[in-house]
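Accompanying notes for the structure given below.
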Amino acid sequence: MKLNERSVAHYATCDSPPDKTGFLFKKGERNTAYHRRWLILKGNMLFYFEERESREPIGVIVLEGCTVELCESAEEFAFAIKFDCAKARVYKMAAENQAAMESWVKALSRASFDYMRLVVRELERQLEEIQEGAAGLQGRSKSSKKAGGVARSKSGASFSASHVPSTQVTGAALAQGSAHARSLQEEVQLPSGTSKENGVAWSKPSALVNGGASLESPVSPGTGCFSKLHDWYGKEVAELRVEWLQKHSSLSLFNLCLMIFLPNLSLTVI
Amino acid sequence: MRFNEKELISLSRQPSERAAELGMRGPKKGDVVKRRLVKLVVNFLFYFRTDEEEPQGALLLEQCRVEREDSLAFSITFLDEAERKYLFECDSQEQCQEWIDSIIKASYEFMRKNLIFYRTEIHRLTGKDPLEQYGIEDETRFQVTSGLQLMPKDI
């Protein structure tokens, strides 16, 4: 299968900031030795380089759909990236210390596009709720403005100012927020014929707003509600933790805490 | 550059955001338009020869530009190779616009920017960081600050 490899490699080294970088030992594809590699995690792609200074990656692991597992192995601080498809390769990695291992496991298990999408949708929903609340307030303050407006024509601006209800002030602040968001939404509707670029400068907080349009993609069952999903992950991990504890009598408290909020984290003895 | 092909092929079988048979022309001189089943899954655009199970190819949709070419066609160009265009021909203007909109939203980086916007906005409006309740407020991928500072433990 073809892949736009040159552009994918460019994504690794272009100036969009990576999510994580560092050295890891990676078990070789053909021979079983561990090789020290420089890793760059960006989005759902894990690139590995021979050296930190290397211009091009040796390869990339597309992380979508993977699970990250802690594993017991001859190698210390080892973990594995696994996939759910037939004949999938297991990517075994080892970090240089406990902290690095935990940091990588955490970052990798949250690297999927699906996870990012879930978080975005949740925040989008929250923002909509806040804006709807504001709109409600704005509606009320609008009608009181109208009443004030009639009076204003008689006695001038100072009359309406002294009669401003307190809800209008907060409503205006929130409404300003939602109006700001609305104008950004309008900005996104570029006329046809112009191009839209993704991957532009990272530092601009005034992002292209989604315009309220919801992505149509079917999310896997049971994951429509983020907080439910989060609870579900928590439950699943808690069950795994119980299993793990039954197999191993001692386990550091830190590892227990680590397991609690990581999606896609499971525990195996290899 | 090596990549995990089996897993990527498996990804191409996942539920897609959008899929349709479109005319597709590659970026090389002499490439002609061919009918392909085009499927958008997360930030990948897969294309299949009709009636084939495995995709002929995949395009990672990061660092790319989507442009309307004419009423029925759009193109994808990658920023590192701006002269090379992948052209797609649709059956209607509406379908063409829908594909453009979907592809723009299909990039991880685009989602990240949205997330940062929502996070900042919610924080501004409510005084609360919406990610705190999920314990993910310190994740580097969700940070508002520009650029990533290398942490000592990264080394």
Extending each Cα 7 Å along its Cβ direction at B:Ala20 and B:Ala82, get the distance between those two points in nm, one decimal. 2.9
Please compute the modelled spin-label separation between A:Glu56 and A:Ala135, points set 7 Å along Cα→Cβ, answer in nm with one decimal. 5.2
Quick one: compute the contact order of chain B, relative version, from alpha carbon pairs under 8 angstrom and 6+ residues apart, as a percent. 15
Size of the B/A contact, given as accessible area buried on both chains, probe 1.4 Å, in Å²: 8100
Over all directions, what mean area does the Cα convex hull of the range A:2-111 project, stated in square nanometres? 7.2
Partner chain Cβ atoms within 10 Å, averaged over the residues of B:120-127 - can you pull that number for me? 5
Convex hull around the C-alpha positions of chain B: the volume in Å³ per residue is 179
For the range A:99-140, what value does the Rg/Rh ratio take when both radii are computed over Cα atoms and Rh is the Kirkwood radius, given to two decimals? 1.36
Stick to Cα atoms and the Kirkwood definition of Rh, then tell me Rg/Rh for the range B:61-124. 1.10
Cys with no candidate disulfide partner in chain B (beta-carbon separation under 4.7 Å rule): B:Cys64
With respect to the cross-link table entries A:Lys2/A:Lys106; A:Lys27/A:Lys106; A:Lys42/B:Lys6; A:Lys2/A:Lys42; A:Lys106/B:Lys6, which display a Cα-Cα separation exceeding 27 Å? A:Lys2/A:Lys106
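The values are calculated or read from the model by the stated rules, or taken from the named source; none is laboratory data. Computed from a predicted structure; not experimentally measured. Positions of Cβ are backbone-derived with ideal geometry, glycine not excepted, and every protein chain shown enters the neighbour counts. Side chains are part of the model used for accessible areas, which takes the heavy atoms of the whole protein and leaves out ligands, DNA and RNA. Shrake-Rupley method; radii C 1.70, N 1.55, O 1.52, S 1.80 Å.
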